[in-house]
Amino acid sequence: MLRAALAALLLLTVSSAGPALAQPGPQGPPAVGVITAQRQPVTESTEFIGRVEAIDRVDLRARITGFVNERLFREGQEVTQGQPLYRLERAPVEADLARAQAQVASAEASLTNANINLERARDLVRTAAGTQARVDDATAQQRTAQAQLLAAQAQARVAQINLGYVDIAAPFAGKIGRSNFSPGAVVGPDSGPLATIVSQDPMRVAFPVSLRAGLELRDRFAERGGVQAVQVRIRLANNQVFSETGRIEFIDTSVSRDTDTLLVRARISNPPLPVAGGTGDPERQLIDGMFVNVFVEGVSPVQAVVIPRAAVLQDQQGNYVFLVGAQNRAERRGVNLGRTIGDQVVIEGGLQGGETLITEGVQRVRPGQPVNPAPAAPPAVREGAPQAPRG
């Protein structure tokens, strides 16, 4: 009986101590997914904030004083060069012209009479009936009549010019804004703008570039043709990339002392959007004064190493990746990042291409640690994988 009790107690002790005495077996190297870093064509791009500007902009003003008889446009429409926009009261200006022409006729008659008197005085001075003083007086009167005729002709010319100011036309093609005066209003040179016209196609995009970024762009494209080697794309407020590309046409000659930036301006087409049925005024995507994101891109792609953004880690020393080195050991490699393209990032320094890069399981890897590499799943297979942050 005692022997059976001791055996049961011993069995219970061994059973309870079994899990505490168990030791885990040795674990193998962590499994990681790898790819081969490869060079591929990449379009270099740098982003800025800019504003769209019309190339031509003018405030229409009346050059003579008069009543507005007609407004010949619809507010917000596109107008053509030379198209009449306002018509002022014509009758008073025509009356001024008629009066000026009458003064010209009177001056011509006075000049004709002065010429006759001068000839008569010259004939008489050859006889005893005339004197030199009379010739001198006739000469002065003749010259005075000539001057009066020139003044009258100038007044007639001014009246003729003012008659041309009765019709106010568009100086260039563009879109006209709201009218500040209605028919019946009295306008003049001091009345302020009647309306404003801004050109529509092409447009300008002006954007400030920091001095540092400007020097980097200059050095990057200096040997490829300078500004001729870059093009400009813009992204609108709705995140839509504008279909047209532009070219840099102007770089300011001095740096702003307040912001330490250099003003750059590009020209870009602004074609009309398709209109259903072909009726109505054309609509365009670029509007004078709107903010846009500006991308300065290289015209020709360059070969660069592009890797998944998720393969890049960061600490106090900067950005780095893990490579598979000799004997399948992880090697840390510092990298310089370029721009992000979707879930990929351009490597500007640190990788030459051809390295075996760890893209999956990087969180389990330590420098010098053996790993068990296997080809990483392509992006289409890893649809459920979390997306790397952009930028």
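The values are calculated or read from the model by the stated rules, or taken from the named source; none is laboratory data. This is a predicted model, so every value here is computed, not measured. For neighbour counting, all protein chains shown are included, and Cβ atoms are generated from backbone atoms with ideal geometry for every residue, glycine included.
Quick look at the values:
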item: The stretch 88-110, residues that are of a type in the set (Lys, Arg) and either buried (at least 18 other Cβ atoms within 10 Å of the Cβ) or part of a helix (DSSP H, G or I) (or both); result: ARG99
item: Residue in the stretch 48-60 that is over 30 Å from ASP281 (Cβ atoms), in contact with a helix residue (DSSP H, G or I) (Cβ under 7 Å, 6 or more places away or on another chain), touching a residue at least 12 places away in the same chain (Cβ under 8 Å) and not hydroxyl-bearing (Ser, Thr, Tyr) present; result: no
item: Residue check for GLN369: over 30 Å from ARG267 (Cβ atoms) and either at pLDDT 90 or above or under 37 Å from the mean Cα position of the chain (by Cα) (or both); result: no
item: Some residue of the stretch 277-286 being in contact with a Leu (Cβ under 9 Å, 6 or more places away or on another chain) and basic (Lys, Arg); result: yes
item: Residue selected from the stretch 333-383 under the condition charged (D, E, K, R), part of a strand (DSSP E or B) and touching a residue at least 40 places away in the same chain (Cβ under 8 Å), by the criterion nearest to ASN319 (Cα to Cα); result: GLU348
item: Some residue of the stretch 295-303 being touching a residue at least 60 places away in the same chain (Cβ under 8 Å) and among the aromatic types (Phe, Trp, Tyr); result: yes
item: Wholly enclosed strands (runs of 3 or more DSSP E) of the stretch 170-254 bearing at least 1 residues under 25 Å from THR80 (Cα atoms) and of a type in the set (Ser, Thr, Tyr); result: 195-198
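Matching residues to (1) within 30 Å of GLY289 (Cα to Cα); (2) touching a His at 6+ places or on another chain (Cβ under 6 Å); (3) exposed (fewer than 15 other Cβ atoms within 10 Å of the Cβ):
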position: ASN117; (1), (2), (3): no, no, no
position: ALA121; (1), (2), (3): no, no, no
position: VAL125; (1), (2), (3): no, no, no
position: GLN132; (1), (2), (3): no, no, yes
position: VAL158; (1), (2), (3): no, no, yes
position: ASN180; (1), (2), (3): yes, no, no
position: ARG204; (1), (2), (3): yes, no, no
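Conditions (1) surrounded by fewer than 18 Cβ atoms within 10 Å (Cβ to Cβ); (2) more than 19 Å from GLU44 (Cβ to Cβ), marked per residue:
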position	(1), (2)
SER210	yes, no
LEU215	yes, no
ARG220	yes, no
ALA229	yes, no
ALA237	yes, yes
VAL255	yes, yes
ASP260	yes, yes
PRO282	yes, yes
LEU286	no, yes
